[in-house]
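A.B. asks: My questions all concern the structure below.
All of the numbers you see were taken from the coordinates with simple rules; none came from a lab. Values in this document were obtained by computation on a predicted structure and should not be read as measured data. Every residue, glycine among them, receives a Cβ derived from its backbone with ideal geometry; neighbour counts consider all protein chains shown.
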Amino acid sequence: MITPYFPKEAYTQAKAYQAAHSMPVFTWAMEPEEKTDCDNCGGGGIVYLRLAERGPFSTPATTRQPSTYFDGDGQFGKGWYVVKETMGFTCPKCKGIRK
Ligand SMILES: [Zn+2]
């Protein structure tokens, strides 16, 4: 899995969300399919923040919202988190320009 980097405002929003809700914010990007694909966004031109709403659970808690698995980082536990919102940002590396 790739860990993309984000434009500055994305980190600001992620920090604010995490502080306000005591819930983790995950990062996500497409996997590159070809060597020429951008290695930050996987060639999609967009990098994503996924804001967790509830969790962790031992299984995905609902089918009405997406869930994502997280390994735990000391601050937030290991398990499935219900994702409240997925936010897309233009990839700061390729500026969203697809080849
Ligand atoms: Zn990119």
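A.B. asks: Pop a pseudo-label 7 angstrom from the Cα along the beta-carbon direction at both Lys93 and Gln75 and give the gap in nm to one decimal.
C.D. replies: For the pair Lys93/Gln75, the computed spacing is 2.3 nm.
A.B. asks: What percentages make up the Cα-Cα pair-distance distribution of region 1-47 when the bins are 10 Å wide from 0?
C.D. replies: Percent of pairs per bin, in order: 28, 42, 24, 7.
A.B. asks: For region 8-90, what is the convex hull volume of the alpha-carbon atoms per residue, in Å³?
C.D. replies: Residue-normalised Cα hull volume stands at 109 Å³.
A.B. asks: Sticking with this structure for a sec: Work out the charge dipole of the chain with +1 on the Cβ of Lys and Arg and -1 on the Cβ of Asp and Glu about the Cα centre, then indicate which of Thr59, Gly43, Ala14 is farthest towards its positive end.
C.D. replies: Toward the positive end, the furthest listed residue is Ala14.
A.B. asks: Something else now. Would any residue of region 65-99 have its amide N under 18 Å from a label point 7 Å out along Cα→Cβ of Glu34? List them or say none.
C.D. replies: So the set is 94-99.
A.B. asks: Which order do Phe70, Phe57 fall in if you start with the one that has the fewest other Cβ atoms within 10 Å?
C.D. replies: Sorted ascending by nearby Cβ count, the order is Phe57, Phe70.
A.B. asks: Another one. Once you put a point 7 Å from the Cα of Thr59 and another 7 Å from the Cα of Lys8, both along the Cβ direction, what distance in nm separates them?
C.D. replies: 4.6
A.B. asks: In a shell of Cβ-Cβ distance under 9 Å around Val83, excluding Val83 itself, what net charge do Lys and Arg (+1) and Asp and Glu (-1) give?
C.D. replies: Here the charged neighbours net out to 0.
A.B. asks: Rounded to the nearest 10 degrees, what's the angle between the helix 8-21 long axis and the longest principal axis of the chain, both from Cα atoms, 0 to 90?
C.D. replies: That helix lies at roughly 10 degrees to the long axis.
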